[in-house]
Amino acid sequence: MHTRLSVNINKIATLRNARGGNNPNVVKAAIDAQLFGAEGITVHPRPDERHITYKDVHEIKPIIQTEFNIEGNPSEKKFMDLVLSVKPHQVTLVPDVSLQLTSDHGWDTLKHKDFLIDVITTFKKAGIRVSIFVDPDLKMIEGAAKINTDRIELYTEGYARLYAAGKKEKAIQPYVIAAKLAHQLGLGINAGHDLDLQNLQYLKQHIPFLDEVSIGHALICDALYLGFENTIQLYKRQLQISE
Ligand code: PXP
């Protein structure tokens, strides 16, 4: 099946914020990423707005021709209000604390069941597809199916780390089992975090039913050397292999 590439443009905003002006322009980056082949744009506004700002999210929405995915922690009222007013195609719920450097764990879908049911119901009523960030832990995936989320996003940092250490079979195994269970339970499957040009193709080859990957850090770093258009095309090529 076809797996969509959603490009996370947070790092473009980090670079812009370093000088306080509007260079590089994140709205232009989102327009260009789509022209260059991105099949979605992802942003992760954090409460301190250290990269993508809430204003950016509003400005990006009208230029989206593919799919808009907003990531964040729904325990922040500001985040809930933003998503409900922007109405992206998809919201990805992440259990980050506010000053966290980057996401480093998935939801405990059993412990936070009631909270997640409320949030998911609110977003789904507004016509927004919901994905929740989870580790490849079967109990958490069973929990995800019970709270009526549309999709899960498998947190792939563990995969990336073991892959880089040369243990690719061991790296992929829990993700294959998790993806099969998620599919059986009727969930769509996204994946993200620490995916790059080295580890993406192997992930795609082995994980069945992969709807979408969202990639930021490595893709923007590669673009410094390889160019933005070429880099997006190279990532897409890694996904054009059947599982
Ligand atoms: N998915 C989620 C939930 C994230 O928080 C992030 C980082 O913002 C990503 C995917 C993308 O990770 P990376 O920048 O390592 O590609």
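Over the chain, what is the mean sequence separation of C-alpha contacts under 8 Å (at least six apart), divided by residue count, expressed as relative contact order in percent?
Relative contact order for the chain comes out at 20 percent.
List the residues whose amide H sits under 5 Å from the amide H of Ala191, counting only those 5 or more places along or on another chain, with H placed 1.01 Å from N in the peptide plane.
Leu154, Glu212, Val213, Ser214
Could you give the length gained by full extension between Leu110 and Asp48, i.e. 0.36 nm per residue of separation minus their alpha carbon distance, to one decimal place?
Taking Leu110 through Asp48 to full extension adds about 19.5 nm, to one decimal.
Cut-off is 10 Å between beta-carbons; in what order do Leu181, Leu35, Leu203 appear when sorted fewest neighbours first?
Result, fewest neighbours first: Leu35, Leu181, Leu203.
Can you list which of the GluC sites (Glu not before Pro) found in region 1-109 are DSSP loop residues with at most 16 other C-beta atoms within 10 Å?
Taking region 1-109 and a limit of 16 other Cβ atoms within 10 Å, the loop GluC sites (Glu not before Pro) found are Glu49, Glu76.
May I ask you to evaluate 6.51 cos²θ - 1.76 cosθ + 1.60, the Karplus curve with θ = phi - 60°, for each residue of region 41-48 and list the ³J(HN,Hα) values in order in whole Hz, giving x for glycine and proline?
So the Karplus estimates, Gly and Pro as x, are 10, 10, 9, 10, x, 9, x, 7 Hz.
Between Ile117 and Asn230, 0.36 nm times their residue separation minus their Cα-Cα distance comes to what?
Gain in length upon complete extension: 36.6 nm.
Please list, by residue number, everything in region 1-27 whose backbone N is under 17 Å from a paramagnetic label point 7 Å out along Cα→Cβ of His217.
7-15
Please give the charge dipole size of region 126-198, origin at the Cα centre, charges +1 on K and R Cβ atoms and -1 on D and E Cβ atoms. Round to the nearest 20 debye.
180 debye
Mind listing the long-range amide H neighbours of Ile132? Cut-off is under 5 Å, sequence gap 5 or more, other chains count too, H placed in the peptide plane at 1.01 Å from N.
HN-HN under 5 Å from Ile132: Leu93, Arg151, Ile152, Glu153.
Going toward the positive end of the dipole of region 1-102, with +1 on Lys and Arg Cβ and -1 on Asp and Glu Cβ, which of Leu84, Asn23, Gly40 do you reach last?
The Cα lying farthest towards the positive end belongs to Asn23.
Go through Pro95, Phe115, Ala179 and say which Cα lies farthest out towards the positive end of the charge dipole of region 78-189; charges sit on Cβ, +1 for Lys and Arg, -1 for Asp and Glu.
Ala179
Shape verdict for the chain, please, from the Cα gyration tensor: rounded (a/c under 1.5), prolate (a/b greater than b/c) or oblate.
Since a/c reaches 1.5 but b/c is at least a/b, the shape of the chain is classed as oblate.
Starting from the Cα of Ile31, step 7 Å along the direction of its Cβ; do the same at Leu181; then give the gap between the two resulting points in nm.
Result: 4.6 nm between the two label points.
HN-Hα J couplings of region 55-64 from phi, Karplus 6.51/-1.76/1.60, θ = phi - 60°, integer Hz, Gly and Pro as x?
Going residue by residue, I get 4, 4, 4, 5, 6, 6, 3, x, 9, 6 Hz, with x marking Gly and Pro.
Given a cut-off of 20 Å, name the pairs among Lys55/Lys236; Lys55/Lys87; Lys146/Lys168; Lys111/Lys180; Lys11/Lys61; Lys180/Lys204 whose C-alpha atoms lie farther apart than that in the structure shown.
Lys55/Lys236; Lys146/Lys168; Lys111/Lys180
What are the trypsin sites (Lys or Arg not before Pro) within region 128-184 that DSSP puts in a loop, where the Cβ has at most 13 other Cβ atoms within 10 Å?
Qualifying residues, ordered by number: Lys167.
Run the numbers on region 174-243 and let me know its relative contact order in percent, using alpha-carbon pairs under 8 Å that are six or more apart.
36 percent
Quick one: what are the phi-derived ³J(HN,Hα) couplings along region 14-23, Karplus 6.51/-1.76/1.60 with θ = phi - 60°, whole Hz, x for glycine and proline?
4, 5, 4, 5, 4, 10, x, x, 10, 10
Quick check for you: which residues of region 212-243 have the amide N under 14 Å from the point 7 Å beyond the Cα of Leu197 toward its beta carbon?
Counting only backbone N, you get 218-239.
Could you give the length gained on full extension between Lys168 and Thr14, defined as 0.36 nm per residue of separation minus the Cα-Cα distance, in nm?
Length gained, Lys168 through Thr14: 52.3 nm.
Shape of region 80-158 from its Cα gyration tensor (a ≥ b ≥ c, root eigenvalues): rounded if a/c is under 1.5, otherwise prolate when a/b > b/c, or oblate?
The shape class here is oblate.
Every number here is computed from the coordinates shown, using simple stated rules; none is lab data. Quick caveat: nothing in here was measured; it's all calculated off a predicted structure. No Cβ is skipped: glycine too gets one built from the backbone with ideal geometry, and neighbour counts run over all protein chains shown.
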